[in-house]
1. Of the numbered conditions (1) in a loop (DSSP other than H, G, I, E, B); (2) over 29 Å from A40 (Cα atoms); (3) out of contact with any Leu (no Cβ under 6 Å at 6 or more places or on another chain); (4) not hydroxyl-bearing (S, T, Y), D62 fails exactly one; give the number of that condition.
2. Looking at this structure, is S251 out of contact with any Phe, Trp or Tyr (no Cβ under 7 Å at 6 or more places or on another chain), within 30 Å of F150 (Cβ to Cβ) and polar (S, T, N, Q)?
3. List the pairs whose first member sits in the range 75-104 and is surrounded by fewer than 16 Cβ atoms within 10 Å (Cβ to Cβ), whose second member is assigned to a helix (DSSP H, G or I) and of a type in the set (G, A, S), and whose Cβ atoms are under 6 Å apart, counting only residues at least 6 apart or on separate chains?
4. Kindly establish whether I52 is modelled with pLDDT of 85 or more, under 21 Å from the mean Cα position of the chain (by Cα) and closer than 30 Å to I164 by Cα.
5. Would you check if E14 is assigned to a helix (DSSP H, G or I), at pLDDT 85 or above and loosely packed, with under 13 Cβ neighbours inside 10 Å?
6. Would you confirm, using the coordinates I've provided, whether A133 is part of a helix (DSSP H, G or I), under 17 Å from the mean Cα position of the chain (by Cα) and in contact (Cβ under 8 Å) with a residue 24 or more places away in the chain?
7. Among the residues of the range 62-77, how many are modelled with pLDDT under 90 and within 29 Å of the chain's Cα centre (by Cα)?
8. Restricting to the range 43-53, name every residue that is in a helix (DSSP H, G or I), among the aliphatic types (A, V, I, L, M) and surrounded by 12 or more Cβ atoms within 10 Å (Cβ to Cβ).
Amino acid sequence: MSAPQATKDDDHIEASRAPLLDHLIELRRRLIWSLLSFIAAFVLCYFIAEDIYAFLTHPLADALQGQPGRRMIYTALYETFFTYLKVAAFGALCISFPIIAGQLWMFVAPGLYRNERNAFLPFLIATPILFFAGAALVYFGLMPMAIRFFLGFETPGGEGSLPIQLEAKVSDYLDLIMTLIFAFGISFQLPVLLTLMGKVGLISSEFLRRNRRYSIVFAFVVAAVLTPPDVLSQVALAVPLIILYEASIWSVRLIEKRRDADAKNAESTV
């Protein structure tokens, strides 16, 4: 290879390397801001961890209202401390999620055309809304229903038998409700995922309609894995997932109609 050719190749490599370094620097900046927002939210939530704890345990406290002597227990010396750390991390993730999503958007948006940014923005807005909708279903619907169902297995006992009474562990209860909130919140992202896949052409509304029966089975399998082992809890997740799947079919169909209309307009202007 001649020297001028080698120099030209080196210049080309350097020219292509600079934008990559710029992107990596920008990515590092966004990750740092995301991490700092989570840390700041974590510190804040740790100081109000007792209030978050009271909020998360309210469904259980409400079900046990009017029953004196009820309590929650911990069986390890350090259990409550680490439970408060988990609660603070849970609250921090919820608080910092919009900031983290915004940082992700600011990293991706400069590489998109104006029409692509406008098309992507509704999905960015829908993501936290659907997440909190799933979390609200757990907090206001599933947990009160599941708690009352399992409390129905308590027995007062009598002569010659011991009573069976719930004394929930703090860590077990909070792990359950926080896991369910995240599981439902992520599961409720189904319309966003399917609509994005339809927008880029990976799936079609006809494909979704044709596989509807499998989606119903899948919804109940997911519900059986994520929820407590009772039918009411499983139905409480499976039914919304099926409804969201149907909404996804409608959303993908709208995208296809708009795409067909744009294609016809482009043909007519040629």
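The values are calculated or read from the model by the stated rules, or taken from the named source; none is laboratory data. Owing to the predicted nature of the structure, the values given are computational and were not obtained by experimental measurement. Counting neighbours? That spans all protein chains shown, and the Cβs are built from the backbone with ideal geometry, glycine included.
1. D62 satisfies all of (1) in a loop (DSSP other than H, G, I, E, B); (2) over 29 Å from A40 (Cα atoms); (3) out of contact with any Leu (no Cβ under 6 Å at 6 or more places or on another chain); (4) not hydroxyl-bearing (S, T, Y) except (1).
2. Details: out of contact with any Phe, Trp or Tyr (no Cβ under 7 Å at 6 or more places or on another chain): yes; within 30 Å of F150 (Cβ to Cβ): no; polar (S, T, N, Q): yes.
It is false that S251 is out of contact with any Phe, Trp or Tyr (no Cβ under 7 Å at 6 or more places or on another chain), within 30 Å of F150 (Cβ to Cβ) and polar (S, T, N, Q).
3. E79/S171
4. Numbers: modelled with pLDDT of 85 or more: yes; under 21 Å from the mean Cα position of the chain (by Cα): yes; closer than 30 Å to I164 by Cα: yes.
Here the answer is yes, as I52 does meet what is asked.
5. Details: assigned to a helix (DSSP H, G or I): yes; at pLDDT 85 or above: no; loosely packed, with under 13 Cβ neighbours inside 10 Å: yes.
Considered against the rule, which asks whether it is assigned to a helix (DSSP H, G or I), at pLDDT 85 or above and loosely packed, with under 13 Cβ neighbours inside 10 Å, E14 comes out as no.
6. Working: part of a helix (DSSP H, G or I): yes; under 17 Å from the mean Cα position of the chain (by Cα): yes; in contact (Cβ under 8 Å) with a residue 24 or more places away in the chain: yes.
Yes; evaluated as a whole, the condition is true for this residue.
7. Within the range 62-77, residues that are modelled with pLDDT under 90 and within 29 Å of the chain's Cα centre (by Cα) number 3.
8. Step one: list which residues in the range 43-53 are in a helix (DSSP H, G or I), which gives 43-47, 49-53.
Then keep just the ones that are among the aliphatic types (A, V, I, L, M); that gives 43-44, 49, 52.
L44, A49, I52, listed by residue number.
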